[in-house]
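What follows is a single structure, written as structure tokens, with notes after it.
The values are calculated or read from the model by the stated rules, or taken from the named source; none is laboratory data. Here the structure is a predicted model, which means the values were calculated and not measured. Positions of Cβ are backbone-derived with ideal geometry, glycine not excepted, and every protein chain shown enters the neighbour counts.
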Amino acid sequence: MLGRLDYVDSPSARSVRAGDRLRVIAPSGPFDVERFHAGVAFLRERYEVVFDDDIVTRTGYLAGDDARRLRELEAALDDPDATGIVCARGGFGATRLLAHLSPDRVRAAPKLLVGFSDVTALHALWARAGVPSLHAPMVAWLGGAEDAAREDLQRALEGARRGFSSLRVLARGTAEGPIVGGNLAVLAALVGTPHAPPIDGAVLLLEEVGEAPYRVDRMLTTLHHAGWLDRVAGVALGDFVRCDPGAHGVRVEEVLEERLGALGVPVVAGLPVGHGDRNEPIHLGARVRVAAPPSP
């Protein structure tokens, strides 16, 4: 039998409505400006969208220096009229901001954070604050997306939820817990820091792109050594794309099964979430049930 992941609590009030203000920020890397404006145009069909003029700044692999990106994020948090904060792109840079932000700051002005990839660092901050967030496509990606994917994001922004079925089962069982996580490399970089998300009793979401299987193994081993994988209720795996076997001939699927299959908790794989073509939205912080039933 195949596995499932379903939401088991009621939708959070932390959602947006037509006409609401969304603040767009670039907390990580620079982006394709043409695609960015196309994504903004789509969002403006239904919402008020605002962003700072200097959002297009490039400083090497960052969307401006730390001061610019932090100032932009703080302004978004402090905007009393904004209900959502949507990131422009991932890349790298969000972890550099974490030392300057506190869960109290997020909790005092709770807004729906939207993004994935490097934004996993900010999702961890939102999780520490106990504020729901949305693991979902970002503005520059929306600029080249198909209508169906754009509509999925719009529905998710406004609170709609959709479970996942026909998932591959790596380890059987049933468990419930809040879903947390995101990009494996970013999460591994948070191990041993005060910025790691709360994972006790959680369903851990993992996805990755462009990492060789031995590097995926290294990061999962880090989570093992840190005790993370002894504390979760279950694991849900999204896309692991461009993780080619290389000269060793080891597939990333083999690594995932070997490293996660004997945890004693349910593990399902194949969620269309992450850096693949679909990247369906996931409501982080929501309570979910992972069901990986035994074969009949």
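Quick notes on this structure:
- Any chance residue 4 is surrounded by 14 or more Cβ atoms within 10 Å (Cβ to Cβ), under 22 Å from the mean Cα position of the chain (by Cα), of a type in the set (D, E, K, R) and more than 30 Å from residue 168 (Cα to Cα): no
- Residue satisfying all of: in the stretch 35-58; under 25 Å from residue 183 (Cβ atoms) and touching a residue at least 40 places away in the same chain (Cβ under 8 Å); surrounded by the fewest Cβ atoms within 10 Å (Cβ to Cβ) among these: 38
- Odd one out for residue 18, checked against (1) surrounded by 18 or more Cβ atoms within 10 Å (Cβ to Cβ); (2) farther than 29 Å from residue 100 by Cα; (3) among the small types (Gly, Ala, Ser): (1)
- With respect to the conditions (1) at positive phi; (2) modelled with pLDDT of 95 or more, residue 265 falls short on a single one, namely (1).
Residue by residue, here is whether (1) of a type in the set (Gly, Ala, Ser); (2) in contact with a helix residue (DSSP H, G or I) (Cβ under 8 Å, 6 or more places away or on another chain); (3) assigned by TED's automatic domain parsing to the domain that holds residue 134 holds:
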| site | (1), (2), (3) |
| --- | --- |
| 172 | no, no, no |
| 176 | no, no, no |
| 184 | no, yes, no |
| 192 | yes, no, no |
| 202 | yes, no, no |
| 210 | yes, no, no |
| 214 | no, yes, no |
| 220 | no, yes, no |
| 264 | yes, no, no |
